[in-house]
1. Scan Ala58, Ala52, Ala94, Ala104 and give me the residue that is out of contact with any helix residue (DSSP H, G or I) (no Cβ under 7 Å at 6 or more places or on another chain), within 21 Å of Asn32 (Cα to Cα) and within 16 Å of ligand 3 (Cβ to nearest atom).
2. Just one of the numbered conditions (1) surrounded by fewer than 14 Cβ atoms within 10 Å (Cβ to Cβ); (2) of a type in the set (Lys, Arg); (3) assigned by TED's automatic domain parsing to the domain that holds Asn178 is not true of Lys84; which one?
3. I'd like to know if the stretch 142-158 contains one or more residues that are assigned to a strand (DSSP E or B), buried (at least 19 other Cβ atoms within 10 Å of the Cβ), out of contact with any Leu (no Cβ under 9 Å at 6 or more places or on another chain) and not basic (Lys, Arg).
4. Report, by residue number, each residue of the stretch 61-81 that is within 16 Å of ligand 1 (Cβ to nearest atom) and surrounded by 11 or more Cβ atoms within 10 Å (Cβ to Cβ).
5. Determine whether Gly129 is touching a Ser or Thr at 6+ places or on another chain (Cβ under 7 Å), free of Cβ contacts under 8 Å to residues at least 60 places away in the same chain and in a loop (DSSP other than H, G, I, E, B).
6. Tell me yes or no: at least one residue of the stretch 112-120 is within 11 Å of ligand 2 (Cβ to nearest atom), among the aromatic types (Phe, Trp, Tyr) and in contact with a helix residue (DSSP H, G or I) (Cβ under 8 Å, 6 or more places away or on another chain).
7. Mind checking which residues of the stretch 136-181 are farther than 25 Å from Ile36 by Cα and under 40 Å from the mean Cα position of the chain (by Cα)?
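The values are calculated or read from the model by the stated rules, or taken from the named source; none is laboratory data. Note that the structure is a prediction, hence the values are computed from the model and not measured. So basically every Cβ, Gly included, is an ideal-geometry build from the backbone, and we count neighbours across all protein chains shown.
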Amino acid sequence: MLLSTTLISLSWFSVVYAGSANFGDACSVSNNRLQIGTYQFYTDCNSETYCASNGTCAHRGCRKDDFPFGYPQDSDNLPSKCAKGQFCPDEMDACLNVLPVGSACQMNRDDQCEGPPNYKDLLDTTNRGLNVNGSVCLTNVCMWANVTENEDCVVQNTAYIGYTASGGEFIDIVSRGNCRVGLYCDAQSLQCLQEKSIGDSCDADKECSTWNCLSSGVCGTDQALDRHISSWVYAIVGIGIVVGMFGTLIGLFILHLKQRAAERERRLQYWREQNAFHQNLSQMREAARTSIMSIPGIGNSTRSTVYGGDNSDDSHTPMLQSISGPQRTSGLRNHVSDDGNIVDDYDENFITHPTVQSRKDDGRF
Ligand SMILES: *[C@@H]1O[C@H](CO)[C@@H](O)[C@H](O)[C@H]1NC(C)=O
Ligand SMILES: *[C@@H]1O[C@H](CO)[C@@H](O)[C@H](O)[C@H]1NC(C)=O
Ligand SMILES: *[C@@H]1O[C@H](CO)[C@@H](O)[C@H](O)[C@H]1NC(C)=O
């Protein structure tokens, strides 16, 4: 937490305190310094030049960052980075060879120091900036971070000035030592001690393996790590998805089933109405025929004359003929189905209803 705030304030300082002399302008090498509180390198020259020994600002000869501060985006004249075994000093004038152990180095520039032979065992893989390739620059001297537990170590405490969002200042002390990774250099005893685990009491972040000493004085969880979600959360989410999917499917299925039942009931109702209607109609026809036949003087012979050529005894009105078809020899014949409903041939031919058909066909109902 404190670290990120410090980094933000560092970048603010860069903007405020950058030198303003352009290429070719006069500058003084004696003005080169580290800023108070932020320890950022300052020079009279602007961010693309350095103060050469002849007292003028010259173009920089190297860079240490992929995206060096002060250059425009997509700048074409970025100086190149230094090769392996070399470093770019704070001045960024030219690449220099890495320095052997005991040499003078610039503050916090562990990369300026040559790595130890067993650098693979000593290098910091925790991404906490404990050392670079197993070497560390403490009090401007190159060392190797090779001190084992309970051995004497060198410690450098640096007080950075941090700035809060409201403009207030606070001090952030960063303590670095030359202990092996997994140990820290205790400032009182000046000996390397084992880092503490979560829950142990602590005085500073460096004492905790999680790099997080809570204000309550115990080591807390690592704030830089990803949050890991326990597997039961995945299980519950998975079950929830499956239950949601099948719940939706079953719900829709039941809904559809109900709709189909209602629709079937509606059609059955319609069929019954139609059936009753046709029954009434045929009764009316029967009654009409009976009454016509009963009128004296109107017999079969008369009707044969009226409908010329049709001599069959069981002829009908044209309407009925067209409906019943030519093979019909009688009028609408009604018969009673098993359930007592009256079913006529008209319905058999023109209204197809599965329920009704099955009733008549196999008589199960
Ligand atoms: C100063 O030194 C730089 C780098 O060596 C060089 O490029 C520049 O021409 C020199 N300027 C003068 C005025 O000699
Ligand atoms: C680390 O140090 C060793 C020994 O000096 C050197 O051979 C190696 O190239 C260095 N590795 C890097 C990445 O600088
Ligand atoms: C540990 O590093 C120091 C330099 O910091 C070196 O002088 C010393 O020989 C190293 N010790 C071992 C055991 O490698």
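1. Going through Ala58, Ala52, Ala94, Ala104 in turn, the sole match is Ala104.
2. Only one criterion in (1) surrounded by fewer than 14 Cβ atoms within 10 Å (Cβ to Cβ); (2) of a type in the set (Lys, Arg); (3) assigned by TED's automatic domain parsing to the domain that holds Asn178 is unmet by Lys84, namely (3).
3. yes
4. If the condition is that a residue be within 16 Å of ligand 1 (Cβ to nearest atom) and surrounded by 11 or more Cβ atoms within 10 Å (Cβ to Cβ), then Gly61, Cys62, Pro79 are the ones that fit.
5. Spelling it out, it is not the case that Gly129 is touching a Ser or Thr at 6+ places or on another chain (Cβ under 7 Å), free of Cβ contacts under 8 Å to residues at least 60 places away in the same chain and in a loop (DSSP other than H, G, I, E, B).
6. No, the stretch 112-120 contains no residue that is within 11 Å of ligand 2 (Cβ to nearest atom), among the aromatic types (Phe, Trp, Tyr) and in contact with a helix residue (DSSP H, G or I) (Cβ under 8 Å, 6 or more places away or on another chain).
7. Arg180, Val181
Each row is one residue, and each column tells you yes or no for (1) hydrophobic (A, V, I, L, M, F, W, C); (2) more than 16 Å from ligand 1 (Cβ to nearest atom); (3) loosely packed, with under 14 Cβ neighbours inside 10 Å; (4) modelled with pLDDT under 95.
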| position | (1), (2), (3), (4) |
| --- | --- |
| Gln112 | no, yes, no, no |
| Asn118 | no, yes, yes, yes |
| Glu169 | no, yes, yes, yes |
| Leu193 | yes, yes, no, no |
